[in-house]
Amino acid sequence: MPLSSKLPHVGTTIFTTMSRMAQEENAINLAQGFPSFGSDSVLLELVAKYTGGGFNQYAPMSGVSELKQALAVKTQLTQGYFPDPELEVTIVSGATESLFAAFTAIVHPGDEVIVFEPAYDSYVPAITLNGGIPVFVPLQSPNFSVDWELVASKISSHTRAIVVNSPHNPSGYVWSQEDVNFLAHLVAQHGLYVISDEVYEHILFDGKSHISLGSNALLRERTFICGSFGKTFHVTGWKIGYCIAPQPLSYEFRKVHQFLTFSTVTPIQYALAEYLQNPEKYQSLPTFYQKKRDLFLEGLALTPLKFQPSQGSFFQLVSYGHLSKKSDILIAEQMTRQLKVACIPVSVFYSDRKDLQVLRFCFAKEDKELNEALNQIKNFDKILD
């Protein structure tokens, strides 16, 4: 019997494709979203402490108590509420698992889920694998803010949930208090659930603040908050994240989590629990990343490309539509092969491959790499012939 794919339209991701092309072409990889610099040596030493100390067997399914407690304290400090560590905090193997488990917990066949586009590529497969139907709402360019009247018009009797991502990948847009209030109104009016992707919660610029949906009392009762220690502490390869949700939602979430990964790497959980005792470790991130963003923007200003400064995340969008109508996929390939700088075409974040002639660059890189990339990007005109 021939195999019938559950994801017939899904192939190799653009991130894998562009990173492989960057390697083949010996290009600077500003495509895939991972830092090129290492983590804090203090954190690495803590991992060695706990691996050497024998903390190497299965962790409890929901996570070690010390890390759940530390994360609850951090949430109180940064967002003003204290989730119950044992009932409302779950440690998982990366934010992608957190997102998938959250979708699986609430989405049933025929349920509609509102997805803002451009959208990170894991949302739609998770929805469709659970029999859900994604309903796409385009964000407003050039700043990629939300048109709330349009959102309201997309809600039907079949709408089950809304997916939120702030700071936003790929645009860097950061939700305002007004955005949160509009969402709360719709959730209350229609009895919706929310899956909130907050992996870039500590990477903000120009005085912006991250407003977690958990800080809103109404939304807190209807929301899965998905986060990433890997993104926050420059250790994406560790694949360790979390989900904060009220007890009834966490109960259903954990039913799924226990049959996905069951538990998450034990010594790293203990290391992170101790590392989080010093809030400066994450409170310093906006300053750290803003220096990199500003360095990148100063260089971009010397190129023919147009941009609006990213408000958060470690991504910067640039527009070339005033220079060429070539497809963004073609331009990204030419940049990699000819200019030796890899980036991501933003059309891949749209279900219909809408092409705005916009590219995404990751600036979570060593300053030397950024400067070398900028020297090459100055020659952008050369790929327009």
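Just so it is clear, none of the values below were taken in a lab; they were calculated from the coordinates. Worth saying up front: this structure is predicted, and the values here are computed from it rather than measured. Neighbour counts are summed over all protein chains in view; Cβ atoms, including those assigned to glycine, are modelled from backbone coordinates with ideal geometry.
Side notes on the structure shown:
- Segment K368-A301, length gained on full extension (0.36 nm per residue, minus Cα span): 22.3 nm
- Positive end of the dipole of the stretch 49-166 (Cβ unit charges, origin at the Cα centre): among V89, L77, A59, the Cα lying farthest that way belongs to A59.
- Backbone HN-Hα couplings from phi across the stretch 57-63 [Karplus 6.51/-1.76/1.60, Hz, Gly and Pro as x]: 9, 3, 7, x, 3, 8, x
- Pairwise Lys count, the stretch 211-354 - Cα closer than 16 Å, eight or more residues apart or different chains: 7
- When the Cα gyration tensor is reduced to axis lengths a ≥ b ≥ c, the ratio a/c is 1.5 or higher for the stretch 55-279, and with a/b above b/c it is classed as prolate.
- Positive end of the dipole of the stretch 247-385 (Cβ unit charges, origin at the Cα centre): among S327, Y289, N379, the Cα lying farthest that way belongs to S327.
- Given the choices [x] 0.96; [y] 1.01; [z] 1.07, Rg/Rh (Cα atoms, Kirkwood Rh) derived from the coordinates of this structure is entry [x].
- Two-site FRET efficiency, F262 against A217, from Cβ-Cβ distance with R₀ of 35 Å, rounded to 0.05: 0.60
- Sorting 63-74, 85-96 by their mean Cβ neighbour count within 10 Å, with the most densely packed peptide first, gives 85-96, 63-74.
- Among beta bridges identified by DSSP and lying wholly in the chain, the antiparallel ones come to about 45 percent.
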